[in-house]
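In what follows, a single structure is set out as structure tokens and then discussed.
The values are calculated or read from the model by the stated rules, or taken from the named source; none is laboratory data. Values in this document were obtained by computation on a predicted structure and should not be read as measured data. Every residue, glycine among them, receives a Cβ derived from its backbone with ideal geometry; neighbour counts consider all protein chains shown.
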Amino acid sequence: MQKELGKSYDPKQVEDKIYQIWEDSGYFNPDNLPARHKKPFTIIMPPPNANGSLHIGHALFVTLEDIMIRYQRMQGRKALWLPGADHAGFETQVVYNKKLEKEGRSFWEIPREQLYEEIKKFTLDNKQYMEGQLRKLGASCDWSREKFTLDEDIKKVVYETFKMLYDDGLVYRAERPVSWCTKHQTTLSDLEIKHEERQDKLYYVNYQLEASGENIEVATTRPETIPADIAIAVHSKSKWRKYIGKNVINPINGQKLPVIADENVDPEFGTGALKITPHHDPLDFKIYNDHKGEIPGKPISVINQYGKLTEAAGKDLAGFKVKDARVKAAEILSASFSKEPEDYTHQVSVCYKCGTTIEPRVMMQWFVKMTEKSINRETEKQRNRETSLRDLAVDAVKSKKIKFIPHRFEKIFMHWMKNLYDWNISRQIVWGIRIPAWYHEPKCIPKVGHEGDVVKCKEMVISETEPKCEFCNAKFVQETDVFDTWFSSGQWPFATLMTTKKGDFEKYYPTDVMATAYDILFFWVTRMIMFGTYRTKKAPFHTVYLHGLVRDKDRQKMSKSKGNVINPLEVADVYGTDAVRMALVIGTTAGNDPIISEDKIRGYRNFATKIWNASRFVLMNYRELKAKPKFTSADKKNLKDLQTAKKKITAYMDKYDFNHAAETAYHYFWHTFADKVIESSKDRLRSENEADTAAAQSVLLEILGESMKFLHPFMPFITEEIYQNLPNKRKSLIMIAKW
């Protein structure tokens, strides 16, 4: 006799028990799968930030990837889903800073090593909690291979890649314009900057020509930086072209500024004349470098790292914050205005975490060359072809080694790749992987055996461990900057498989699918393609599946301030994990934002109840019969309809169309099996004709068993629980049953 199902389905009584059974089975580890599982299928989990709880967006990617893995495992693939967690450098440091503020402690007063250890403990504690949440969501990943972006072996791979890039001339250190957050005291990449529309004043300032009463009129929104001007640039076809080669007088400090011609000046903007302030604007920095021979002065900065005007700005402006300095500068310049300031609406760069206005600064930083063709890459068609990191990624997509789902993102990817420039990878934060550059003051040492000759020590060495100078034996001091998080996570697919079990890289790389949100296509996916192809000479994955960002029933972005955030673990506790998973999948197509609400989740809880009640009915009415089943034409049609539904679901699954696959499974079970097949079988189950009863039972059990299989990737807990109670099951667990 089979164990009778309870009167109602209680996820709290089932889910933890079932997950423990799965884990104890060892089948999350592909090494332990039965012999029929041969060809590998690999997904490397996008590592959630280990600095807090999982949110509904995490629940979406976990659901989608678990669906893929469970389906492929049932199809006989050697399925590996490798889990991990991200130290999330800047993001985690911001979170920890807020924690310290609540405690009344100052982030900036804690010694570096102590702060690092505090954040490490905070992160590892959160990481452990987060892993429990992944289990709660049903993630059938291989915990024996779990990785963390700060694992020592992962750091070693990151260092090796950095040194390769450095040796190939693709990494360099230089003074260049960067975007600086004055609150968090670090540089940010362009992808970590938001743009806000603001209304400021546009000031029209006269720069008087030397020994002449004439003026060049310049429009600027930043009069506070005028003390740092070193030239005036005009377009060669503008109305100011007759002044090229002459000097004007800086209206704040009286210094002479040359008038130069440059085609980068937009003759249609403002007045067609541009003040050149290299340390406070990237375009000005470029123009200065193109015209160094024509400009006698050297660039200076008049704004410090805290967003205050320095003494170089003059005593009237020094000490003011930028906003206040702008007002003060306008007062000083009022006599030089050619007309009243105008209201001007424009885009302003701000820090994506705190909203502080970004200050351009020229700093010594580490950069990766994205477009320079300096990589020698052999191909079948062309030997020793010179290419760039960008070209490696573009070629991987053009050659169809990587496909995008949905396909439209390929065009978006290509458009973005056209506009790349060198990437600043250094961050002035504590939490992260220190850049393995070491410095010391070089000395000239007599060369042994060569009287009069000297050798000069190296000023810098790239090494993952502390070096010693081979000539003067002096100690080196390590770089204090850390890598941008995306530099290390951009190596995630190969770094993980190079550092798990022996042979994993050869067996499971390239991976099959990278599934992630479309909003980090540029942050992460493109960099994984570049670094993966550069380091391994193979694209890191075959398919990029891009899902949307979860929104509420009114299509609003979820945020705490709006009060519309849904905690996936809390609603799973109320309605069951299977209901949450179905609510996230049905109605959701790749690349589009899914809509989620508690009502929707409640609706799929009702579906779970329907599955339970239908299954309970079938099992309660099952009895051992000696008679051979005698199938009716209706029975045969019902079994044929089952196969038709399963083929349809399989076709959708193979196309990564999980919305239609789940929807088909839902409608088949509820409206065909429960509403029609079961209803039409009730009298037959009570019939004295045992052959007819046996046929009815056989059809019901066949459909129920197969339905549990095609519902399993979507609703793993309830399907496993019911499968364990089937009298005709063929495998110990549905998770390894044949699809």
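Determine, yes or no, whether Thr161 is under 17 Å from Trp423 (Cα atoms), touching a helix residue (DSSP H, G or I) at 6+ places or on another chain (Cβ under 6 Å) and either in a strand (DSSP E or B) or touching a residue at least 12 places away in the same chain (Cβ under 8 Å) (or both). It is true that Thr161 is under 17 Å from Trp423 (Cα atoms), touching a helix residue (DSSP H, G or I) at 6+ places or on another chain (Cβ under 6 Å) and either in a strand (DSSP E or B) or touching a residue at least 12 places away in the same chain (Cβ under 8 Å) (or both).
Every residue, every condition in (1) in contact (Cβ under 8 Å) with a residue 40 or more places away in the chain; (2) under 22 Å from the mean Cα position of the chain (by Cα); (3) surrounded by 21 or more Cβ atoms within 10 Å (Cβ to Cβ), yes or no:
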position: Phe531; (1), (2), (3): yes, yes, yes
position: Ala539; (1), (2), (3): yes, yes, yes
position: Thr543; (1), (2), (3): yes, yes, no
position: Gln556; (1), (2), (3): no, yes, no
position: Ile566; (1), (2), (3): yes, yes, no
position: Thr577; (1), (2), (3): yes, no, yes
position: Gly587; (1), (2), (3): yes, no, no
position: Gly591; (1), (2), (3): yes, yes, no
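Going through segment 649-672 one residue at a time, which ones are of a type in the set (S, T, N, Q) and buried (at least 18 other Cβ atoms within 10 Å of the Cβ)? Correct list: Thr664 only.
Screening the candidates Leu733, Leu700 for the property of being in contact (Cβ under 8 Å) with a residue 40 or more places away in the chain, closer than 30 Å to Pro34 by Cα and surrounded by 20 or more Cβ atoms within 10 Å (Cβ to Cβ) yields one hit, Leu700. Of all the criteria given as (1) closer than 26 Å to Val513 by Cβ; (2) assigned to a loop (DSSP other than H, G, I, E, B), the one not satisfied by Ala645 is (2). Would you check which residues across segment 32-53 are surrounded by fewer than 16 Cβ atoms within 10 Å (Cβ to Cβ) and over 19 Å from the mean Cα position of the chain (by Cα) and list them? Residues satisfying the conditions are Asn32, Pro34, Ala35, Arg36, Lys38, Lys39.
Can you say whether Lys646 is in the same structural domain as Asp578 (by TED's automatic domain parsing), under 21 Å from Ile67 (Cα atoms) and in contact (Cβ under 8 Å) with a residue 60 or more places away in the chain, as far as the supplied structure shows? So Lys646 passes the test. All told, Ile56 falls short of being modelled with pLDDT of 95 or more and either buried (at least 22 other Cβ atoms within 10 Å of the Cβ) or among the hydrophobic types (A, V, I, L, M, F, W, C) (or both). The criterion of at least 2 residues that are under 37 Å from the mean Cα position of the chain (by Cα) is met by the following strands (runs of 3 or more DSSP E) wholly inside segment 184-248: 186-188, 193-208. Would you check which residues across segment 456-482 are in a strand (DSSP E or B) and farther than 22 Å from Ile433 by Cβ and list them? Scanning segment 456-482 gives Lys456, Lys468. The helices (runs of 4 or more DSSP H) found entirely in segment 315-433 that carry 3 or more residues being farther than 30 Å from Lys655 by Cβ and over 23 Å from the mean Cα position of the chain (by Cα) are 322-333.
Restricting attention to segment 238-262 and to residues that are among the charged types (D, E, K, R) and either within 14 Å of Ala211 (Cα to Cα) or not assigned by TED's automatic domain parsing to the domain that holds Ile276 (or both), the residue that is surrounded by the fewest Cβ atoms within 10 Å (Cβ to Cβ) turns out to be Lys256. Look at segment 346-373: where a residue is closer than 22 Å to Phe269 by Cβ and a partner is of a type in the set (Phe, Trp, Tyr), sitting 6+ places away or on another chain with Cβ atoms under 6 Å, you get Glu359/Trp180. The residues listed here are Leu625, Leu639; of these, the one that is in contact (Cβ under 8 Å) with a residue 60 or more places away in the chain, over 24 Å from Thr577 (Cα atoms) and not in a helix (DSSP H, G or I) is Leu625.
Scanning segment 291-314 for residues that are at pLDDT 95 or above and assigned to a helix (DSSP H, G or I), which turns out farthest from Asp422 (Cα to Cα)? Across segment 291-314, the extreme among qualifying residues is Glu311. Of the residues screened, Met715 is one that is touching a residue at least 12 places away in the same chain (Cβ under 8 Å) and either within 30 Å of His407 (Cα to Cα) or surrounded by fewer than 23 Cβ atoms within 10 Å (Cβ to Cβ) (or both). Quick one: count up the residues across segment 137-182 that are more than 28 Å from Ile69 (Cβ to Cβ) and crowded, with 17+ Cβ neighbours inside 10 Å. Within segment 137-182, residues that are more than 28 Å from Ile69 (Cβ to Cβ) and crowded, with 17+ Cβ neighbours inside 10 Å number 13. Being in contact with a helix residue (DSSP H, G or I) (Cβ under 7 Å, 6 or more places away or on another chain), surrounded by 14 or more Cβ atoms within 10 Å (Cβ to Cβ), over 30 Å from Tyr509 (Cβ atoms) and not aromatic (Phe, Trp, Tyr) holds for only one residue in Leu134, Leu115, Leu100, Leu82, and it is Leu100.
All conditions but one from (1) in contact with a Leu (Cβ under 7 Å, 6 or more places away or on another chain); (2) closer than 22 Å to Phe320 by Cα apply to Tyr243; the one that does not is (2). The residue pairs whose first member lies in segment 100-125 and is under 20 Å from Ala50 (Cα atoms), whose second member is of a type in the set (Phe, Trp, Tyr) and not in a loop (DSSP other than H, G, I, E, B), and whose beta carbons are closer than 7 Å, counting only pairs six or more residues apart or on different chains, are Leu100/Phe107; Ile119/Tyr96; Phe122/Tyr96.
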